[in-house]
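Values quoted throughout were computed directly from the atomic coordinates according to the rules given, and no laboratory measurement underlies them. Computed from a prediction, not measured in an experiment: that's the story for all the values here. For neighbour counting, all protein chains shown are included, and Cβ atoms are generated from backbone atoms with ideal geometry for every residue, glycine included.
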Amino acid sequence: MCGRYQLSVPIDELIDLFSTPSSMDFSPRYNIAPSQRVPVIRGWSNIRSIDPLQWGLVAPWADSPKANAPMINARSETVHEKPSFRASFQTQRCLVPASGFYEWEKKEGEKIPHLVKVSGHEVYAMAGIWSRWVRGTEYLETFSILTTAAGPCIRHIHDRMPVILHPDHYAAWLDPKSTQKKLLNLCQPVPDEFIEFSAVSDRVNSAKNDDSSCEVSRIEQQSLFQ
C-alpha cells in the first residue's frame, strides 16, 4: 500500500513540469498523510488543472465523509470491479504528483521506514482516481492512489507499491476515451533499474513531522547520536 509520500517541489515547479495551470497555494511537503489536501491533476488536453483534493476517497453515496475509514488506496487489479472505485476509474482518473513514497519494513521486531524514489525523476505521477461527495451545499473532492505488486528489489520492504506512470502515459491515463484494457495495462511496477530506496529517519513515523529531516538517511541519523 501507499500510506505516506512526499512532494518536495513548490507549486510553480509543478505548473512547469506538467504544463498545467493552478491557482492553489502549495509549498514542498515531506510527509504527506491521509486526509490532507494536496495537488492532483485532472482534466484532458488544454483544460487540465492542478487542484487541491483530500487524500482518502469518499464514495458519493456515503452518509458522511467521516462515516467510514478513508480509502487511500485502490488495488489496480480490481479497481474496475469494486463498487467504491468502478465509476471513478471509468470517468474520473487523475495524476497524483510525488517525489517519493514511504514504506515500512518489518525487521527484528521493529518497523523501519524507507523512502522510495524513481531515478532521474525529481517528480513523477502516481495513478489516481477521484470522487465528489455532495450533500446540499456541501461538497468534498477526494482521491485514492492505485497500487500494484511491488517489484523484486523492494518486495522485502512491502509487497505493494503505488502505480507510477511513465510520463508518456500521462495523457492516456487522463483521456476519457482510453479503454479499460489499455488503462489496466498501464498499471505495472516500475522496473527495478529505475528504483532507488533507502532507510530514513524515524521522524517520518509521525505525520506531525513534515520537513526535510524526514528523508535523512537512517545511517546519518544514527551517527548524529553516537
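A few notes on this one:
- Residues satisfying the stated conditions in the range 22-45, i.e. part of a strand (DSSP E or B) and under 18 Å from residue 94 (Cα atoms): 32, 37, 38, 39, 40, 41, 42
- Where helices (runs of 4 or more DSSP H) fall wholly inside the range 126-225, the ranges with 2 or more residues that are more than 26 Å from residue 58 (Cα to Cα) are 218-224.
- Residues that are touching a Lys or Arg at 6+ places or on another chain (Cβ under 8 Å) and either assigned to a loop (DSSP other than H, G, I, E, B) or farther than 22 Å from residue 33 by Cα (or both) within the range 65-81 comprise 79, 80, listed in sequence order.
- Of all the criteria given as (1) more than 16 Å from the chain's Cα centre (by Cα); (2) in contact (Cβ under 8 Å) with a residue 24 or more places away in the chain; (3) under 19 Å from residue 210 (Cβ atoms), the one not satisfied by residue 30 is (1).
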